[in-house]
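> Have a look at this one before I ask anything.
The values are calculated or read from the model by the stated rules, or taken from the named source; none is laboratory data. This is a predicted model, so every value here is computed, not measured. Using ideal geometry, Cβ is built from the backbone for each residue, glycine included, and neighbour counts are taken over all protein chains shown. Surface accessibility is based on the protein's heavy atoms, side chains included, excluding ligands, DNA and RNA. Shrake-Rupley method; radii C 1.70, N 1.55, O 1.52, S 1.80 Å.
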Amino acid sequence: MSSIVIQELRVSIADKEIIRGLSLEFSTGEVHAVMGPNGSGKSTLAKVMAGHPDYQVTGGDILMDGVSILEMEPDERSRRGLFMAFQYPMEIPGVSNANFLRAALQARLPEGEELDAVEFYQRLYQKMDLLEIRREFTARAVNEGFSGGEKKRNEILQLAMLEPVFAVLDETDSGLDIDALKVVAKGVNTIRGPEIGILLITHYQRLLNYIIPDFVHVMSEGRIVRSGGKELALELESKGYDWLKAVKPETVGAN
Ligand code: ADP
Ligand code: MG
């Protein structure tokens, strides 16, 4: 079993503190949802885990199997098994989807080992069929001219191909209609299992009707203010976030 432990994390950007003493743990075999109002710092958390250079960690730590990842470059974090799907996926003009995935997989093989092209395409097409992505997308530049829904499905395709140990999915549901949401959820549900730990970041409860999390955490003003089981998401759906904002983190759950 592998684990990620986030300890008392503090993060600033442009001298503004966004993450303010956030602690969270998750392990392989688990799906955790992080929910919270807009501006609570959810995307900041994802970017810091990925190693985005603009964000300054001013306190705390992020440990992967007991080893701090904070000093590691993003590509080292990735090679150690951490995968990020961003809220706004990047376009990479001039690099085809197929070549991008091949290069990413090749980079994970030991020196001198060559990725088998036939096996690669077999696997790619199998995953594309699962995610209802048309074959022509292999030749198109990564995310270039893709609709919002296509970009999100493409992120899940990358996830399915790379088979990471940990996946952080930031608002994978935003901008998706219900059919696309179901396709994305089916992809994630196919990937989930004992070998992977998933952190699902979402503003809305809707996604969690299709991907049932094992744990739910509520984030507000840069901290986790409440944690619970999947029923916590339903409580948020009916009550909104305001009842959590009204109380100080220390006192939430005391009554
Ligand atoms: P969420 O994903 O929960 O909506 P974000 O992490 O995107 O929240 O943003 C949290 C806060 O940090 C917001 O107040 C936002 O304006 C601020 N913030 C995020 N990124 C930057 C940035 N690059 N520069 C300045 N402020 C930022
Ligand atoms: Mg966000």
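> For region 1-60, what are the residues that are buried (at least 20 other Cβ atoms within 10 Å of the Cβ), within 15 Å of ligand 2 (Cβ to nearest atom) and in a loop (DSSP other than H, G, I, E, B)?
Correct list: 36, 40, 41.
> If I go through region 144-180 residue by residue, how many of them are crowded, with 17+ Cβ neighbours inside 10 Å and out of contact with any helix residue (DSSP H, G or I) (no Cβ under 9 Å at 6 or more places or on another chain)?
Total satisfying the criteria: 2.
> For region 183-195, what are the residues that are at pLDDT 90 or above and open to solvent by 10 Å² or more (accessible area, probe 1.4 Å)?
186, 189, 190, 191, 192, 193, 194, 195
> I need the full set of residues from region 158-203 which are within 15 Å of ligand 1 (Cβ to nearest atom) and either touching a residue at least 40 places away in the same chain (Cβ under 8 Å) or assigned to a strand (DSSP E or B) (or both), in order please.
Within region 158-203, 168, 169, 170, 171, 172, 174, 199, 200, 201, 202, 203 meet the criteria.
> Among the numbered criteria (1) open to solvent by less than 40 Å² (accessible area, probe 1.4 Å); (2) at pLDDT below 95; (3) β-branched (Val, Ile, Thr), which one does residue 247 miss?
It is condition (1) that residue 247 fails.
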